[in-house]
Amino acid sequence: MEPTEDIEFLWKWRKYLLLLATLVASVTYGAGLNPPGGVWSQDQEGGTSNGRGGAVQPPTPPLLPPAPAPAVYPNRVGDPVLVSTYMRRYTAFFYCNATAFVASLVTIMFLLDRRISGNRVGLTVLRSAMLLDLLALMAAFAAGSCRDVVASIYVSALFAVVFVYVALHVGVASASSGSSLLLLLGRKAPDSCPWDAEENKYIRERRKFLFLLATFATSLTYAAGLAPPGGFWTKTVAGHRAGAPLLHDGRYKIRYHAFFYANATSFVASLAIIMLLMSRTLRDRLARSYALLVCVLVELLGLMAAYAAGSCRWPTTTVYVFSLVGAVLLYIVLQMAIAVFAMDKFKKWREAICNIVTTCAGKSGSGPKQEIVKQKRDKKTDLDNGPEDKVEASRSLVLLLATLAATVTYQAGLSPPGGVWPEDDDQGRTHHIPGNPVLHDMHSKRYKAFYHCNTAAFVASVVVIIIVQSKQLSAVGRAALKTAMILDLFSLMGAYVAGSCRDKVTTIYVAALSPSPSLSTPSPRSWPSQRRGARPCRFNV
């Protein structure tokens, strides 16, 4: 029975696993074609057969066969830089990244046809491919994003902690029965609760939301770790090593370290969420615990910290970003306090008042009057639950849009339009700092408009994700959710206008087109779902 249950479990999650495998295949494909450290922009002179193959070899005697080609890349234009400067790291990254790419393709092929994965052998191969995919992705990230021993130890330690935590949970859950485990944890059995069906439905939806968020965060942080903001050094000169991150050796070393550790922490937290949700043994127990909540908070906080450290170069912008992040955290704390304390008391008072009114109506009135009071109360309850049902029906779509917006704004903040200044300036200008955005020095007003709008869109997307993740916050902060979504969309429009244009004509053209989506949206009174007797529109992702 267990293989059948595992097959059904994986098949229910098929579309989410396909999305994860597709995104992993796309980022590993891009990382393989554009490796970390960049490529040589010009031929390098000198070298040996072990590292630099551009050296002139002595003439070969006529009686001997010609010497074989070097075992590694020569230092020619377009060849990876890390081959010469960090050969072992590049070799480990290349093979692990290629393994993750192939494992993702195998996972996609097995998930597309149930006849392949619908048996014991196919299930074993699918499980092995998924596990190999995650392991290879971790190893490729550790090898491609780190340049020193301390960073490698930190990332490896995070991976080890996640694996030990998951292994301990799986071992405890497999060795203990369901009833004894529940008694050990001091929890009631799920079947004994009258609201079990509704709670289980919410937990299933929550697992899907968390998996969708972790999937996008994994691919996003993986790509950002391999291609950090500021680019790489292209020459080994003045104490700088070719292939090393440019911000690491420059005046922004502290910012780079903050970005690296925050981005790596968010990447590991995303993988932890995926591994916890993909375990059939742990899915129900951990969904009710604080493990997933902690991982989600670490993931989102890591993303915001990495964005603040990697996209800023000046104290004013740093203060701006951290002010927005602090406002988000304060709002979450206040909303959680309201949802935990105030809403419970409000519900108790409302139930007590309804009971008193019903009791008084039953004593003073006849049966028909009592029935009328009951019908009015039921009608009022249906009207109150109407907006909540509509919010629940569109949570998946809202989360998908917010996750995509957070993804593109995170990437745009770390890699701004116009690029960054290289390590040297051919025109002899000394006021350009390597790693700084070019647009900031050439079009300062446009860059500031782009940066502030892009940051506002990123923070608004994170706010929407946090609100949608919690059922209590979704019920309390509906007005805040709508406000954050509107701010997100208009900030995206403003960032696109400021970042994509360089002259007034194109700016006016794009700015004139930007309000068209909001103008073409019908008013709430004309929505079919607002009419009496009409079925609400439901979106399923």
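Order by neighbour count: Ile356, Ile116, Ile274, fewest other Cβ atoms within 10 Å first, most last.
Values: Ile356 10, Ile116 15, Ile274 21.
Sorted ascending by nearby Cβ count, the order is Ile356, Ile116, Ile274.
Taking the Cβ of each residue in Asp148, Asp79 as the centre, tally the other Cβ atoms inside 10 Å and list the residues starting with the fewest. Could the numbers behind the result be given before it?
On the way: Asp148 10, Asp79 19.
Going from sparsest to densest Cβ surroundings: Asp148, Asp79.
What is the spin-label model distance, in nm, from Ser156 to Thr483 if the labels are put 7 Å beyond Cα along the C-beta direction?
4.9
Stretch His257-Arg115 to full length: gain in nm at 0.36 nm per residue minus the Cα-Cα span?
Values: separation 142, 0.36 × 142 = 51.12 nm, distance 4.80 nm.
Difference between extended and current length: 46.3 nm.
Pull out the extension gain between Ser41 and Ala512, defined as 0.36 nm times the separation in residues minus the alpha carbon to alpha carbon distance; nm, one decimal.
This chain segment gains 165.5 nm when fully extended.
Suppose R0 equals 56 Å; then what is the FRET efficiency for Leu168 and Thr316 from their Cβ-Cβ distance, rounded to the nearest 0.05?
The pair Leu168/Thr316 has a calculated efficiency of 0.75.
What list of ³J(HN,Hα) values in whole Hz, one per residue of the stretch 254-259 in order, does the Karplus curve 6.51 cos²θ - 1.76 cosθ + 1.60 (θ = phi - 60°) give from phi, with Gly and Pro shown as x?
Once θ is set to phi - 60°, the couplings for the stretch 254-259 become 5, 5, 5, 4, 4, 5 Hz.
Taking 28 Å as the cut-off for C-alpha to C-alpha distance, list the pairs among Lys208/Lys482; Lys448/Lys504; Lys15/Lys448; Lys12/Lys482 that go past it.
On the way: Lys208/Lys482 22 Å; Lys448/Lys504 16 Å; Lys15/Lys448 40 Å; Lys12/Lys482 31 Å.
Pairs exceeding 28 Å: Lys15/Lys448; Lys12/Lys482.
Based on the Cβ-Cβ distance from Ile433 to Arg88, what FRET efficiency comes out when R0 is 30 Å, to the nearest 0.05?
The computed FRET efficiency comes out at 0.40.
Ranked by Cβ crowding within 10 angstrom, fewest neighbours first, how are Phe490, Phe322, Phe93 ordered?
Phe322, Phe490, Phe93
Calculate the FRET efficiency for Thr124 and Asp441 from the Cβ-Cβ distance with a Förster distance of 60 Å, rounded to the nearest 0.05. Walk me through the numbers on the way to the answer.
Values: r = 57 Å, r/R0 = 0.95.
Efficiency, rounded to the nearest 0.05: 0.60.
Each reported figure results from applying straightforward, stated rules to the coordinates on display, with no laboratory input. Everything quoted here is computed from the prediction, not taken from an experiment. Neighbour counts run over all protein chains shown; Cβ positions are idealised from the backbone, glycine included.
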